[in-house]
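Please read the structure below before turning to the comments.
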Amino acid sequence: MTTPISSTNGDGQTNGHSHDETATQNGNGVSQEQKNGANPQQNGQEHHHDHAIKRPTKIGTGLKDRVHQITKGPPGGFDPTPLPDAPQGYTIRFIFHGASNLAPGDFVTASSDPFLHATLKGTQPKRHKEDPDLTHRTKTIRKTTEPEWEDEWIVANVPPTGFTLKCRMYDEDFPDHDDRLGNVTIKVPSIGPDWKGIPAPGRVYEAKKRMMSKRAYLAKAISSVVTHNIHMTPLLRLSMELLGPSDPPYAQMYTVGPTTWVKHFSPLIGRIAGVKVNANAEDDARVDEDQQIDQDGNKKSKTQKYDFQANEMQLQGPVPPKLYHRFVEFRPIIASIYSSAGLRGTILNKALHSQHRRIYNFNASTEYGDFDACSPEASEQFLKLVHFDEGGRTFTYVLTLDGMFRFTETGKEFGIDMLSKHTMHSDVETYIACSGEFFIRRLKKPLASDDVHPHTKTHPQEDIPGGPPKEHPPHDPAYYQLIIDNDSGTYRPDKSTLPYLKEFLEKNFPGLGIITMHWEDQELQDMKENQRNVKKNEGRMINMVMNRSQSSISSAESELDDREESWQQGHKSKREAAYEALEDPHKVKDAVKSIVPGLKSERGESSK
């Protein structure tokens, strides 16, 4: 017996199917009996406080709690809360085929650049009510009001007690805000082994007109008046397929596929940060045999351009449940930023979301691709995104609970301090899997070694042939090591969780040597310092000194000008100094010196 699937349109009516109100449960699925934040473990350590004599007064109890809080440090970091019990779930393939009758977001071309953003909410309990829901974004189809995405999303452990799928359609409009083109919400009360889903070619759903942006609604209204055969309601066509029961952990919904990569570009930030990339992306992995030659038979040199690159890789889940970290509350204002509570919290939360959108922006230059999950192809694609072992690069990363791996080239030598902030990379998520920094090391021999002291020479510590800086990099992942740490003051990933991070990365990047190190390891600090020295020796040390002629850069990215004169002096802006003080209380004095006129600021490194 098939379970009815309902979709609610803007008039509160169902689209041809019965809707059982009692069958649909809270989208968050949070059990009232689940307790959060009352764990005796913080940051991976246990704290035992045995008091033989209990204080009878409220004053004494408050003092004891105060001492206990000081002893264990600020809330946040590693959270040992286990996954709740849940029945076995199912793996479902969602296919977003396309849409039609969308509003034209551009009045000139009478078309849009539509994409779809899907949010999946299960009814199973969560470890914490602030755990993020699963999301998926399709590619952007340019200049059309009838996009055909044919984009699939495979999710495991969808609960048998049902789910809600919310599909939001937008017109991509960078650097402005994306215009809403309509929403479709589909509720499934329950699923089982005989659930039929929505077979191909799919079902057409009417989107909610009232969820359209004012500009899109006006454009649609005008076009419907001019052309009488056009109606106002956008349409979305999708299908669902049951693939079978999922493997444990049952309480953890996660993305199985497709495993994809996205490269986001910003020429202005690249020029500001002094970052150059190959104008032709194929040059990133070109070997000598593939070198292009000109008409005279001479090898062509690579053409480079200023461009800052932010990367996203959707890896195959599940992320190990032990990788579970909450932001650290250095000060009370930090909690309000993540929860967007109060005036200051709301303003700073919006600012951080804006920074995230600026770095991980989608526009016409964005590149998309996919790769076979947990294969040598995945390892090679990762090496391409990080430019193999070129230039002594260091990267800041965040790994989300659903296996989204975000990273950009950053470091303490960058003038743009926001790039090193894990709050920005996580898009102000309360909980993530892990965060820190990493860099790539090349071996003289393809050993696929995970030993920090391999029995061979390494680059960039030593100058060895067969790769950068004088030759093209080898493609075999066995030549490389990924050295990754937990250097993040925002989330403070615990040292005890590093083996689980190593296990997850080894599964997704086979053939690549994975080395996890604790951020306090002196040997790691020496290796990072060597990376910076290599970058300096190759002329890529990034101490931001901006030429005054940069004022002629396109106003499309002029919102970065709020750094005022600090671009030209290589200093932090007032806003960045304030963000840094919020993340690290030790930087409050430096922030005050940079904000208050007349106070001489001291030079110092930024804290993670």
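Taking the inverse of the mean reciprocal distance over all distinct Cα pairs, the Kirkwood hydrodynamic radius of region 344-390 comes to 13.6 Å.
Taking 10 °C and 1.306 mPa s as conditions, region 328-452 diffuses translationally at an estimated 95 µm²/s according to Stokes-Einstein applied to its Kirkwood radius (Cα pairs). Based on Cα atoms of region 372-413, Rg over Rh with Rh as the Kirkwood radius reads 1.01.
The alpha carbon radius of gyration of region 162-207, expressed as a multiple of 2.2 N^0.38 Å, is 1.56.
The distance separating the Cα centre of region 366-383 from that of region 335-352 comes to 36 Å. Normalised Debye scattering of region 105-185 at q = 0.19, 0.21, 0.22 Å⁻¹ gives log10 I(q)/I(0) of -0.87, -0.98, -1.03, counting only Cα atoms as equal scatterers and leaving out solvent. Each 5 Å bin from zero up to the one holding the largest Cα-Cα distance in region 448-542 carries the following percent of pairs: 3, 12, 18, 22, 21, 15, 8, 2. Across region 381-508, the convex hull enclosing all Cα atoms gives 115 Å³ per residue. Modelled spin-label separation between R142 and D451, with each label point placed 7 Å from Cα along the Cα-to-Cβ direction: 5.1 nm.
With neighbour counts taken as other beta-carbon atoms within 10 Å, the residues D113, D427 rank, fewest first, as D427, D113. Ranked by how many other Cβ atoms sit within 10 Å of their own Cβ, fewest first, the residues Y360, Y170 fall in the order Y360, Y170.
Shown for S239, S426: other C-beta atoms within 10 Å of each C-beta, ranked fewest to most, produce the order S239, S426. Highest average first, the peptides 443-451, 145-153 ordered by how many other beta carbon atoms sit within 10 Å of their residues are 145-153, 443-451.
Every number here is computed from the coordinates shown, using simple stated rules; none is lab data. These figures come from a predicted structure and were not determined experimentally. Neighbour counts are summed over all protein chains in view; Cβ atoms, including those assigned to glycine, are modelled from backbone coordinates with ideal geometry.
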